Amino acid sequence: MALPLAFLLALVVLSCKSICSLGCDLPQIHNLGLETSEENEEGALTLLEKMRRIPIFSCLNYRKDFAFPQEQLEGEQVQKAQAVAVLHQMTQQILNLFSTQKAFAAWDKTLLDTFLSGLYQLLDDLKACGSKQVGMEEAVRKYFHRITVYLKEKKYLPCAWEVVRTEIMKSFSLSVNLYERLRSMEGDLVQQGNASH
């Protein structure tokens, strides 16, 4: 009787380990989207949309391609650890960008404070996942460096900030899509593992 009990205990431990490592339990990831589930509060993308102060079409001559590393993030070989690391790096860089005095001078302070609070919470959640360096972060850092240089060159004018706001929304959406795609793939793996037991 001891052998089957030990075997069952080992199966339980292995199942928990694989499910826990796959899921990393990031329920707050929706903070990036339209609203949070617990309190029905607005998420980061909705707040960024509300922060718009001038129509983007009035800033067409300010447009710039910041070369978001989309190809690297959409490949089939991207793993969950990479997605979490990239999302962690993006969140950190967005915090760096939007927590400056120049940003507070450009945006509605209440919306910006709420936006930054959500990003700090997301960063904590991502840290809890043990996001480690996986090599893609450098491309994200270079991307944000180009954005910072652009803002300096444009002297932090309202149209420059508007172009950056729009760019951040686009890159954040792409990153969230990557994370959600990987999360659904992992859900399929967990379901397949449960079905085989």
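Scanning region 103-154 for residues that are in contact with a Phe, Trp or Tyr (Cβ under 8 Å, 6 or more places away or on another chain) and exposed (fewer than 14 other Cβ atoms within 10 Å of the Cβ) returns a single hit, 105. Going by the conditions given, is residue 178 over 24 Å from residue 49 (Cα atoms), of a type outside the set (Gly, Ala, Ser) and modelled with pLDDT under 75? Against the criterion (over 24 Å from residue 49 (Cα atoms), of a type outside the set (Gly, Ala, Ser) and modelled with pLDDT under 75), residue 178 does not qualify. When the helices (runs of 4 or more DSSP H) confined to region 92-157 are screened for residues that are within 19 Å of the chain's Cα centre (by Cα) and in contact (Cβ under 8 Å) with a residue 12 or more places away in the chain, those reaching at least 1 such residues are found at 109-128, 137-153.
The values are calculated or read from the model by the stated rules, or taken from the named source; none is laboratory data. Nothing here was measured: the structure is a model prediction, and the numbers come from that model. FYI the Cβ positions are ideal-geometry reconstructions off the backbone, even for glycines, and counts take in every protein chain you see.
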